[in-house]
Structures are given as structure tokens and as C-alpha cells.
Amino acid sequence: MAIALNGSFSFATPLANAASFNVTVKSQPNVLTKTCKVSNGTGNVAGATVANIVVVCAAPPARFAYVVNQANDNIKAYAVDAVSGALSALPGANATTGSAPVFISVHPSGRFAYVTNSQTNNISSYSIDSATGVLSAIGGVVGAGIEPASITVDPTGRFAYVANRSSNDVWAYNIDPTSGSLSAMPGVPVSAGNGAFAVTTDPRGSYLYVTNSGVNNISVFAIDATTGALTSIGGANPATGFQPFSISLHPTGQFAYVTNQNSNSVSAYNVDEATGALIEMVGSPVGAGSLALSVSVDPSGRFAYVANGGDNTVSCYSINAVTGELNALVTSPISSGGTQPIFIAVDPAGKFVYVANRGNSSVASYSINAATGALTDVRVLSGTPGESPRSIAFAR
């Protein structure tokens, strides 16, 4: 039985009373960020409908976290405590990068990691030891455009895409499923807007979105499911506020959120499922703190968080499940736990939030109240002065 939506399910052929049953997952989703597990899947029919079998498809909790430090040209590796969310350094697991690394993306399988090096115009690739979290370089670096700003791996784990800020384009790569190495696709680069900065896909890997910080809009591309090639969806690029910095898609793929650093706001969009086009919501943009830089949506799709680099705060929002509208929590904003926060991330299980503070080289972690979305129990992990952490990624 193929199950595409949330809700109850029933097999077409009934079993006789007292017959044994064993419900299992035949095929895991091709979106590698989700793993499906069955609870109460075995037993015997006891004269009634069996109604307690539950299949849950969700991201496994993170075991490792990786922080890219721009000033020190390295990646620091940490173990993630599953109960508290606290980070602890992994001995011998750190890795060097190219010059001025700014962004890290982990393959959805958790086996590989990729880093954009903004001054050497290339990508560093690493394998991740599943037992220890240790990073090992994969071959040589791979070329990119001028000043690569961010990288994303599509949810199927077959393709990677890099936004290049100074060459105003996107480079696309095939990922070797065994080694994790990158190879540029034919036909790259693909033109984006001036100041192409943040890049991400929708949850199914059907569309790619790029914020263009120099012209205040978003480029939208369709992704060929077979080759990974990009094709502009056409039409006018949706407008943003001044100097859009980051973009995050809702886990349902219905909504998108963009931070506008010089407008101190977040723009919110509905996503056209058929075309991938973005339509700005009524009431958008919504206010954030000073210098709104990074936005992240939790895996449940109920909350969103924004790191504000100008006033050292985090803005917290609830998300209307029907409209996608953002509403500030009564506890918002809160301290970022450091100075000049530039990146914010929610862990794959939706239990914790992490903020990279480049001003004082610290990473703050918070627990998420599952009912309200409020952030509590802040922990601050201080790094070496001058490290300038820029982004965070997780591996399971």
C-alpha cells in the first residue's frame, strides 16, 4: 500500500480472526531526510479492527553538529546531547577548509558534508564517520563561481547547488552516491540575480530558490528530477525587502520565508504547488529585529525563528497552519546569547534551536517548548576569540 498523506489507512484484504499480522515499511521515502518507522506493527487479530498501528515518517535526531568558522578557516565538530541539546567537542573531529568558509550543508544521509569557501571560490567536501563524527576530506576542492555564499543538497541526496554572490549565478553538481564527491553538471553556471546569496530547495526537491541580495528579489528554478538540471520557471522574480539574506521553506512546501536584513523584516510567501512560484502573503512582510539575517522553520511547521544581527536578539513566531502567516510569540524577542548573531538552525527533531554569534565567537542553544514554541534553557558555548562562526549543520 502506498501512503501519500497523513491519516488513517486500511488494507484492502481483511485478515481472519486470530490471524497474525506484521506491518513493515516496504520502501523508505526517496527524500532522505525522512525515515519511516512502525509502532505496534505485529500481533494477532482479536475479533476487531486493529487500530493501534502507527507509522511515523520523520527526521532522526541529530548526533553531530558542525560549525563553520570563517576567520579560522575550519570546521568544529560536536556531539549533540539528545536530551539537553548541549554540544560537546569531538576530539580529533575538526577539519580545515579553504579560505573564509561561510556555509556548510550536510548530505541528507548524514554521510557527507560540503563547505563554501568564499575567498578561494571553491567547495570543500568531507566524509563523516558515522560512529565518531570525524570529518575526512574527499579528494581535492571543487571549483565554484565567484564568492560562493551558500550550498544546499537536494532531499534525495543526488544533487548539490551553490549560490555565488559576486558572479550572480548558481552552480549545480552531481553527487557520487558512494564517495560523496561533487562533479559539475553540464550547462553550469545558471544565471541568477545580482548578489545571489542564499539557496535552498523545497522539501520534495522539485524547485530551487535563490535570494538575490543586490536586486531585492528571488530567483526560482524547476529541478529536473532525473538530471538535476535547473530551468527558470519564468515570469517576474518575486520581490523581497531590502537585501534579502536567507530563505527557509515550510516542511509542507506550502510556504516560504525570507529575511530582509536592511528592512528588519521577514517576507512570507505562498508556494504554487504546480509551478513553484512564490506569491507574497497578505500582511507580509512582518517585523523582526535589527538586521534580520537568518530564518529557520521547525520540522513540525508550527514555529519560525530569526537571528537579528543588529540588536543581538532572536525573534520567535508561530505559524498559522492554514495561511502560513507569522505571528510573534509573546516571549519574542529574546537574547541571542552573544553578539552579532548571523545564523540560526533548528535541529532535525525539532527539539532545539542553535544560534551562531560571530561577534563573540559563540554558539547558543535553546530548548523549544513543544506547546508554545518559546525558547528556554539557553546554553552558551564559547569558542576561540576571532573564529567568527558563520553556519551550523547537523548529521544523524
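The values are calculated or read from the model by the stated rules, or taken from the named source; none is laboratory data. Small disclaimer: the values here were computed from a predicted structure and weren't measured. A quick note on method: Cβ atoms are made from the backbone with ideal geometry, for glycine too, and the neighbour counts reach across all protein chains shown. For accessibility, only protein heavy atoms count, side chains too; no ligands or nucleic acids. Shrake-Rupley method; radii C 1.70, N 1.55, O 1.52, S 1.80 Å.
Annotations for the structure displayed:
- Members of the range 83-110 that are free of Cβ contacts under 8 Å to residues at least 24 places away in the same chain, among the hydrophobic types (A, V, I, L, M, F, W, C) and in a loop (DSSP other than H, G, I, E, B): V83
Matching residues to (1) aliphatic (A, V, I, L, M); (2) within 15 Å of the chain's Cα centre (by Cα); (3) open to solvent by 50 Å² or more (accessible area, probe 1.4 Å); (4) at pLDDT 95 or above:
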{"position": "V297", "(1), (2), (3), (4)": "yes, yes, no, yes"}
{"position": "G310", "(1), (2), (3), (4)": "no, no, no, yes"}
{"position": "S318", "(1), (2), (3), (4)": "no, no, no, yes"}
{"position": "S335", "(1), (2), (3), (4)": "no, no, yes, yes"}
{"position": "T339", "(1), (2), (3), (4)": "no, no, yes, yes"}
{"position": "V346", "(1), (2), (3), (4)": "yes, yes, no, yes"}
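- Among the criteria (1) free of Cβ contacts under 8 Å to residues at least 40 places away in the same chain; (2) buried (at least 16 other Cβ atoms within 10 Å of the Cβ), the one V54 does not fulfil is (2).
- Boolean, A16 is free of Cβ contacts under 8 Å to residues at least 40 places away in the same chain, assigned to a loop (DSSP other than H, G, I, E, B), open to solvent by less than 90 Å² (accessible area, probe 1.4 Å) and hydrophobic (A, V, I, L, M, F, W, C): yes
- 3 or more residues in contact with a Ser or Thr (Cβ under 8 Å, 6 or more places away or on another chain) and free of Cβ contacts under 8 Å to residues at least 12 places away in the same chain: qualifying strands (runs of 3 or more DSSP E) within the range 259-318: none
- Residue that is nearest to P389 (Cα to Cα), among those in the range 267-295 that are buried (at least 22 other Cβ atoms within 10 Å of the Cβ) and not hydrophobic (A, V, I, L, M, F, W, C): S294
- Selection from the range 237-263 of residues that are of a type in the set (G, A, S) and buried (at least 20 other Cβ atoms within 10 Å of the Cβ): G241, S246, S248, A256
- Subset of the range 176-196 (residues that are surrounded by fewer than 23 Cβ atoms within 10 Å (Cβ to Cβ), in a strand (DSSP E or B) and touching a Gly at 6+ places or on another chain (Cβ under 9 Å)): A184
- If you go through the range 73-90 and keep only what is crowded, with 17+ Cβ neighbours inside 10 Å and more than 21 Å from the chain's Cα centre (by Cα), you end up with D73, L90.
- Residue, least open to solvent (accessible area, probe 1.4 Å), within the range 367-384, restricted to residues that are among the small types (G, A, S) and out of contact with any Lys or Arg (no Cβ under 9 Å at 6 or more places or on another chain): A374
- Filter result for E387 (farther than 22 Å from S84 by Cα and surrounded by fewer than 18 Cβ atoms within 10 Å (Cβ to Cβ)): no
- Residues located in the range 151-186, provided they are more than 20 Å from the chain's Cα centre (by Cα) and closer than 15 Å to R111 by Cβ: D176, P177, T178, S179, S181
- Subset of the range 91-110 (residues that are open to solvent by 30 Å² or more (accessible area, probe 1.4 Å) and modelled with pLDDT under 95): P91, G92, N94, S109
- Hits in the range 212-236 - residues which are polar (S, T, N, Q) and buried (at least 20 other Cβ atoms within 10 Å of the Cβ): N212, S213, N216, N217, S219
- Number of positions in the range 111-148 that are assigned to a loop (DSSP other than H, G, I, E, B), of a type in the set (A, V, I, L, M, F, W, C) and surrounded by 20 or more Cβ atoms within 10 Å (Cβ to Cβ): 1
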